[in-house]
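The structure appears below as structure tokens.
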Amino acid sequence: MKKLIFFLFLVNFLIIPCFFVNVYAEDTDYLAYIEIVMSTGKLIRNYTKEEMADLKARSESNTFFGISIAKDNVGTKATYISSILVSYENSGTSPIELTKEVQVETNKKVSFSTSGSVSGSIGGNLKKIKGELAAKADVKYSESTEVSVKEKKTMRLKVDPNTKMILYLTGDLFIYNGCFSCYSFFVKEFSAAYEFVILATQYERLEEATINEDLLVKAGA
């Protein structure tokens, strides 16, 4: 009888949740950024099928219960351009003045994504998966936040004659990615890619040039 009760406990609290909880992409604003330039390595979305297959194979292990991971990037620094705030060209003979409301993120927001929609969970909810993944991927998860905090400011811009300008948001990121496999009683439930992106800094940047010059916007320039 005791063995039966123990078995039912395992089925109810450990095995069944692994088939009903979905792991899905969350907080993926960074995937819509205009440009992300990493100092080395690449984002998960840019991996080839062969590279992804190799990472997934490396994430497999003889694990009883929980997550086994294969780390690729750990705290890799990157620069980015998240959005163009103003783009203007003055082909006239008089200066043009503009006013723009700007919102800049002021905290170290953590973004997280995983590949596709994966059935299963090691802990019964997404939060636990992310927490365990972050710990094993060397992400200082507890020191960051997933809630965006934005600081508003008003900018007054002056565009001289025969001049074009671009105002955009840029800054620094730290990338942590790789693949993980989820196990239950030594049986692999699934494998998937993971990616944590920590927004370290964000600020506005203004680039100006004469109309007949090329105006190149590069993250971190």
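The values are calculated or read from the model by the stated rules, or taken from the named source; none is laboratory data. All values derive from a computational prediction rather than experimental measurement. When we count neighbours, we look across all protein chains shown, and the Cβ atoms used for this are built from the backbone with ideal geometry, even at glycine.
Among residues of region 77-90 that are touching a residue at least 60 places away in the same chain (Cβ under 8 Å), those with a beta-carbon under 7 Å from a residue that is among the aromatic types (Phe, Trp, Tyr) at least six positions away or on a different chain give the pairs Lys77/Phe174; Tyr80/Tyr33; Ile81/Tyr33; Ile81/Tyr168; Ser82/Tyr33; Ser83/Tyr168; Ile84/Tyr168; Leu85/Tyr168. Does at least one position in region 96-104 carry a residue that is part of a loop (DSSP other than H, G, I, E, B) and in contact (Cβ under 8 Å) with a residue 60 or more places away in the chain? Looking through region 96-104, none of the residues is part of a loop (DSSP other than H, G, I, E, B) and in contact (Cβ under 8 Å) with a residue 60 or more places away in the chain. One residue stands out among those in region 41-81 that are crowded, with 18+ Cβ neighbours inside 10 Å and modelled with pLDDT under 90: the one that is nearest to the chain's Cα centre (by Cα), which is Ile67.
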